[in-house]
1. Within segment 2-95, which GluC sites (Glu not before Pro) sit in a loop by DSSP and count at most 10 neighbouring Cβ atoms inside 10 Å?
2. Over the chain, calculate the relative contact order: mean separation of alpha carbon pairs under 8 Å at least 6 apart, over the residue count, as a percent.
3. Apply the a/c threshold of 1.5 to the C-alpha gyration tensor of segment 373-480 and tell me whether it is rounded, prolate or oblate.
4. Determine the shape class of segment 96-191: with a ≥ b ≥ c the square roots of the Cα gyration tensor eigenvalues, call it rounded for a/c under 1.5, and otherwise prolate if a/b is greater than b/c, oblate otherwise.
5. Taking amide H positions as placed in the peptide plane 1.01 Å from N, state which residues far from LYS309 in sequence (5 or more) or on other chains have amide H under 5 Å from it.
6. Based on the alpha-carbon gyration tensor of segment 1-97 and its eigenvalue square roots a ≥ b ≥ c, which shape applies: rounded if a/c is under 1.5, prolate if not and a/b is larger than b/c, or oblate?
7. Can you tell which of SER299, PRO325, ILE336 lies farthest toward the positive end of the dipole of segment 227-349, using +1 and -1 charges on the Cβ of basic and acidic side chains (Lys, Arg; Asp, Glu)?
8. Which one of LEU160, GLN426, GLN132 has its Cα pushed farthest toward the positive end of the charge dipole of the chain, where Lys and Arg give +1 and Asp and Glu give -1 at the Cβ?
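The values are calculated or read from the model by the stated rules, or taken from the named source; none is laboratory data. Worth saying up front: this structure is predicted, and the values here are computed from it rather than measured. Neighbour counts are summed over all protein chains in view; Cβ atoms, including those assigned to glycine, are modelled from backbone coordinates with ideal geometry. To get the accessible areas, we keep the full protein, side chains included, count just its heavy atoms, and leave off ligands, DNA and RNA. Shrake-Rupley method; radii C 1.70, N 1.55, O 1.52, S 1.80 Å.
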Amino acid sequence: MTVRVRIAPSPTGNLHIGTARTAVFNWLFARHQGGKFILRIEDTDIERSRLEYTENILEGLRWLGLNWDEGPFFQSQRLDIYKQAVKSLLDKQLAYRCYTTSEELEALREAQKARNEAPRYDNRHRNLTPEQQAAFEAEGRSFVIRFKIEDDRQIVWNDLVRGNMSWQGSDLGGDMVIARAAEDGIGQPLYNFAVVVDDMDMQISHVIRGEDHIANTAKQILLYEAFGAKVPEFAHTPLILNMDGRKLSKRDGVTSIFDFKQMGFTPEALVNYMTLLGWSAPDSTQEIFTLEEAAKQFSFERVNKAGAKFDWAKLDWLNSQYIHPMPVDKLTDLIIPYWEKEGYKFDQGRERSWLEQLVALIQPSMTRLTDAVAMSQLFFTETVPFSDEAMAQLTQDGVAAALQGIIAAVDNQQLSESSAQDIIKQVVKQQNVKKGLVMRSLRAALTGDVHGPDLIQSWLLLNRINLDKPRLTEAIAKSN
């Protein structure tokens, strides 16, 4: 059997972390089994579906490295296929036209609520005679198509994550609507019906999705059987929870995949983290791996049943583990868009080699790509504000003379690491002051603070764009 799995997002919003994690598990299983990963866009909700959401989904999957083998297929282009499938169930008398009005359905729900009963359709139009149908149509009533579900039917399957599952037909809410009303007859299909038709047509062997779809699975198995089709295997993965154990929501700061990108996460770190949301490698100590490395080890035996808690600190740590060893030229390419968004200018001597030197300076301290904005701000502004600690340092005795000595020694030369060190030694000797005083004062003058990245490398960067002497001059004025 060739393994064929699919991810089938609805373009009613941007690609979200939950959908992306489902895509990751599908991709890993397909690659582990040497199968196919198929992309289907479920866009039958015409009112809410948007082209920009479709583009966001496609771009997001590509950014994460989740390349698909077939598709994208669009449900909106398959309506004739669904209508033919509905007709086949009507011909087999496994489905029927239901003329119940919205007012009648509301009255039914209110009566059930008054009796403390779960809401369900009472199947009142299941066995209408042709005369009754004609009478309803003469009233101008439209109809939906309902699929018959027998209350005494027990639906069972072996879930690849949860083991043996059982669902009673009486718990499925009565006969299921599979197609909406339409003036010309059969209208748009509903989710459970279209999914089954698509999965049959695309020969999907395994349906991998969140546990919130378990009730849908019971309904869909009945539809597979009604069509006489082979039922795929099912794997219901755990939901993503917040740290309090509740289902993750936007209130938890969880956003679309591209918002994670804007927050400064790399796609490699994010997809690595999503892999760990509900699955663990055979070596439980291994936490860092590429998609390809995870695919070699992936199996549903190691997918948890319990919900997976989303841990921002863990994601930050993983992101830093990808940033710190990254080649400087690649990291520079990733950081430049964040600098540009902030309005930083790359002129006045800030050429590529200078940018890469700056990136190498801040790289060991970075957690997210966005950290580069604040960490490098002092290299993109003419002047810097002085912290209280910096001002306290600059007003000490001997500081102004030491800084004046540095200016004289620099004398418009382009510094190297050795020449910068020599200047500091020279000033210490000439001014007869401690090296610590010169170093702390130089840092305060150049960066506006007494803490920060390597002093000599910072000085070299500022020297190359001719900002070191103006800042030293301003610091001397402040010290006086």
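1. Those satisfying the criteria are GLU47.
2. Normalised by residue count, the contact order of the chain is 13 percent.
3. The shape class here is oblate.
4. It is prolate, given that a/c is not under 1.5 and a/b is the larger ratio.
5. Under 5 Å from the amide H of LYS309: LEU241.
6. Cα axes put segment 1-97 in the oblate bin.
7. Going by the charge dipole, the pick is SER299.
8. Farthest along the dipole direction, towards plus: GLN426.
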